[in-house]
């Protein structure tokens, strides 16, 4: 059985904080980020998945949220689907 950290590493993410922060750079300025937090009423971490774009100097210019407050299984499914979409889009061009 793979840990959450291992699953995200297999998808190409860097582990920022174990079980909590995962980052994958898509380009020099754009990254995918998955953040896990403890929420009242849940026994496990709840995750948010979003894409963020920065300009030179580190100023955030764009953020697209794909999911918030979801289980690890759901966020893994969404991230995998998103990465597959990117791969298919790149191969068409």
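Bear in mind that the values in this text are calculations on the coordinates, not laboratory data. Computed from a prediction, not measured in an experiment: that's the story for all the values here. Because the Cβ atoms are built from the backbone with ideal geometry, glycine has one as well, and the counts that use them run over all protein chains shown.
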Item to check | Cα-based shape type of the stretch 1-52, given that a ≥ b ≥ c are square roots of the gyration tensor eigenvalues and the cut on a/c is 1.5 | outcome: oblate
Checklist entry - Which ordering of 74, 46 is given by a fewest-first count of other beta-carbon atoms within 10 Å? => result 74, 46
Item to check | Residues 21, 55, sorted so that the one with the fewest Cβ neighbours within 10 Å comes first | outcome: 55, 21
Checklist entry - Hey, fewest Cβ within 10 Å first, where do 5, 25 land in order? => result 25, 5
Next on the checklist: Angle check, please: helix 72-92 long axis (alpha carbons) against the longest principal axis of the chain (alpha carbons), in degrees 0 to 90, nearest 10.
Outcome noted: 20 degrees
Checklist outcome for this item: Two pseudo-spin positions, 7 Å from Cα along C-beta at residue 38 and at residue 56, lie apart in nanometres by 4.3 nm
Checklist entry - Given the options 81, 67, 31, which has the most mean-square fluctuation in a GNM of the chain, springs set between C-alpha atoms less than 10 angstrom apart? => result 81
Checklist outcome for this item: Projected onto their principal axes, the Cα atoms of the chain stretch, largest extent first, over whole-Å spans of 41, 30, 19
Checklist entry - How much length, in nm to one decimal, is gained on full extension between residue 70 and residue 20, taken as 0.36 nm per residue of separation minus their Cα-Cα distance? => result 16.7 nm
Next on the checklist: Given contacts defined as C-alpha pairs under 8 Å and at least six residues apart, what's the relative contact order of the chain, whole-number percent?
Outcome noted: 17 percent
